[in-house]
Each structure stands twice: as structure tokens, then as C-alpha cells.
Amino acid sequence: MNDELLLRYSRQILLPQLDIWGQEKLIQARVLIVGAGGLGCPAAMYLAAAGVGHLTIADDDTVELSNLQRQIAHHTEDIGRPKAESTAATLSALNPNVKVEALCRRLEGEALAAQVAGADLVLDCSDNFATRFAVNRACVQAGRPLVSGAAIRFEGQVAVFDPRQPDSPCYHCLYPDQGELEERCSRNGVIAPVTGIVGSVQALEAIKVLAGIGRPLTGRLLILDGLQMSWHCVNLPRNPSCPTCGASS
Ligand SMILES: [Zn+2]
């Protein structure tokens, strides 16, 4: 780390838990962020600002006017631009030391498996269950930790799934039934700061897992009721007969 980087990250290096060694780990880390919307924007911005060295942003959508209320990496002049590209431009301006890769397509099949295997950690910031299940499956298969977030209305959820730990559940353990769960903020509405809160919690959990500090939300689901401003956390047991991570899979 040169003097400029030491100064840029000085307020993190000051933290005894992180120290220069933890910052070096962040600089070496590769993170895949699936979705550059309400959760992906703040999560990616905090990870870039904090100095996570390599960020890959995957999103097949383009910026629309109705996104700007919460998707804070995109600006008014980005309307019509691919979200992955718009996010990458914001991140590079925020911290030119971070290598940012924009994938302006939906990650599926072998391409998804390859991107997950090439990352140290994956953030699921998507808005649909098909993607969530596919990303979870790829993380279980490649043994990569997954930080999963969701926000709708005034509510938020965050959980960490770490297949490297034998007692960790996976996303599929939490939602065994794939049908009837689809809820999107495009139909239900969402209050802007709740996406920022959830995306920021995802970024913090990613930093903790990458640096190996603190107690991540592994096997726990953190639930926010923003209207009452109350948080609670429930333990998530692993489902031994889970079709994705169970013994028979
Ligand atoms: Zn499972």
C-alpha cells in the first residue's frame, strides 16, 4: 500500500479489528454483485469506497426514470444506459484504485458458475426468485459465501450463507418452496432509504466475511421493519433434505 492508499483507507486501518492486514485482504478481494438496483447500488458504492479491490457488477437492465428514487449509483443523465455500466462509472469515479467490471447481461448457466467461482464472495442484490435460486445454487456448488438482501415496502432482510461452514444453511433452506413467492418492488413499492439500509448491511457483512472479522450473519436472518423501526434476528437452521445443499444433492 502506498502513502495515498494508506491515507485513503486510514479510518479503516485505525480499527484494531481490521488493521492494515484486513485492509490488504479487502484490496486483494474479488466480489461479484448480482443486480445494480436499489440494493446493488449502495452495496457496490460502499465496497468500492472501502477499497474492495475487484468488483464485478452484473445487470441486464437499463436505467429508467422510476429507478432514480432509490438506485443511487445512477444519475438522471444515465437514463437509457445499461445499469451495470452506469454503476461501474460511478464506482470508478468514487475510487479509481478499484478494478470494476460491468456485465450488461443476465448471468445464467455456465457464465454464472464461472463468475461465482472466480469471486471470493457474492452479493445477491437481485429482485427475482429465479435469479436468487440460481445464484444460491452456484455459490453452494463453488463453495462461495453469499450475502443475500431483499427490500420491499418498508421492510428489509439480510442473511449470509456460507457453504464453507458445515452447519450453514443455504438460501434454498430458507425458502424451500420456489412458487408463489415472487414479490417485486416494481409492483409493491419500496421506500428509498430501506434499500440503502439493506445494501449497506450487505456491504458490511461482505467486508466482515472477506476480512475474517466479527460475527457475520451466517445462519441468521436479520429483519427490518422500517415503519416501526424495529429489527429482529432469527436463526436459520440448515435443512438436511434441502434440494440444493442437502446430503442427497
Ligand atoms: Zn440448503
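The values are calculated or read from the model by the stated rules, or taken from the named source; none is laboratory data. Keep in mind that this is a model prediction, so the values were computed, not measured. Heads up, the Cβs are rebuilt from the backbone with ideal geometry, glycines too, and the neighbour counts pull from every protein chain shown. We work out accessible area using only protein heavy atoms, side chains counted, and drop any ligands, DNA or RNA first. Shrake-Rupley method; radii C 1.70, N 1.55, O 1.52, S 1.80 Å.
Which percent of the accessible heavy-atom area of the chain goes to carbon and sulfur, probe 1.4 angstrom? Provide the component values of the computation, followed by the final result.
Values: 6270 of 11730 Å².
Accessible surface attributable to carbon and sulfur in the chain totals 53 percent.
Assuming 0.890 mPa s and 25 °C, estimate D for the chain with Stokes-Einstein, Rh taken as the Kirkwood radius over Cα pairs, in µm²/s. Working shown, then result.
Details: Rh = 18.1 Å.
Diffusion coefficient, whole number: 135 µm²/s.
Tally Lys and Arg at +1 and Asp and Glu at -1 over the other residues with C-beta under 13 Å from the C-beta of Val198: what net charge comes out? Numbers along the way, then the final one.
Details: positive: Arg70, Arg153; negative: Asp124, Asp127, Glu155, Glu205, Asp225.
With Lys, Arg at +1 and Asp, Glu at -1, the net is -3.
Could you state, as a whole-number percent, how many of the C-alpha pairs of segment 188-249 are farther apart than 16 Å? Don't skip to the end; give the middle numbers.
Values: 1177 of 1891 pairs.
Taking all Cα-Cα pairs of segment 188-249, the fraction more than 16 Å apart is 62 percent.
Of Gly199, Gly37, Gly219, which is the most mobile in a GNM of the chain whose springs link Cα atoms less than 10 angstrom apart?
Looking only at Gly199, Gly37, Gly219, the largest GNM fluctuation is found for Gly219.
Roughly how many Å² is the accessible area per residue of segment 113-156, as a whole number, for a 1.4 Å probe?
On the way: 1360 Å² over 44 residues.
Per residue, segment 113-156 has 31 Å² of solvent-accessible surface.
Sort segment 1-76 into rounded, prolate or oblate with this rule: let a ≥ b ≥ c be the square roots of the eigenvalues of the Cα gyration tensor; rounded if a/c is under 1.5, and if a/c is not under 1.5, prolate when a/b is larger than b/c, oblate otherwise. Don't jump to the answer; show the numbers that get you there.
Numbers: a/c = 3.02, a/b = 2.29, b/c = 1.32.
Prolate shape, in that a/c is at least 1.5 and a/b is the bigger ratio.
As a test, work out the antiparallel percent of DSSP beta bridges whose residues both lie in segment 47-155, rounded to the nearest 5.
Working: 2 of 10 bridges.
Roughly 20 percent of the DSSP beta bridges within segment 47-155 come out antiparallel.
Over the chain, with a Gaussian network built from C-alpha contacts below 10 Å, which listed residue (Asp59, Asp19, Asp162) shows the highest mean-square fluctuation?
Looking only at Asp59, Asp19, Asp162, the biggest GNM fluctuation is shown by Asp19.
Is the shape of segment 17-134 rounded, prolate or oblate, going by the alpha carbon gyration tensor and its root eigenvalues a ≥ b ≥ c, with a/c under 1.5 for rounded and a/b larger than b/c for prolate?
Numbers: a/c = 1.97, a/b = 1.23, b/c = 1.60.
Because a/c hits 1.5 or more and a/b fails to exceed b/c, segment 17-134 counts as oblate.
Given the -39500 (n - 2.57) contribution per DSSP H run of 4+ residues, what per-residue ellipticity at 222 nm results for the chain, rounded to the nearest 500 deg cm²/dmol? Mind showing how you got there, number by number?
Working: 10 runs with 94 residues, N = 249.
Calculated mean residue ellipticity at 222 nm is -11000 deg cm²/dmol.
When the Debye formula is applied to the Cα atoms of segment 110-249, each taken as the same point scatterer, what base-10 log of I(q)/I(0) results at q = 0.11, 0.13, 0.14 Å⁻¹?
-0.38, -0.54, -0.63
State, as an integer percentage, the relative contact order of segment 90-172 based on alpha-carbon contacts under 8 Å between residues 6 or more apart.
Working: 99 pairs, mean separation 18.2, N = 83.
Once normalised by length, the contact order is 22 percent.
Considering only Gln23, Gln202, Gln69, give the residue with the highest GNM mean-square fluctuation for the chain, with springs between Cα atoms whenever their separation is below 10 Å.
Residue with maximal mean-square fluctuation among Gln23, Gln202, Gln69: Gln69.
How much length is gained if the chain between Asn188 and Leu7 is pulled fully straight, taking 0.36 nm per residue apart and subtracting their Cα-Cα distance, in nm to one decimal? Can you show the working numbers first?
On the way: separation 181, 0.36 × 181 = 65.16 nm, distance 4.33 nm.
60.8 nm is the gain from fully extending Asn188 to Leu7.
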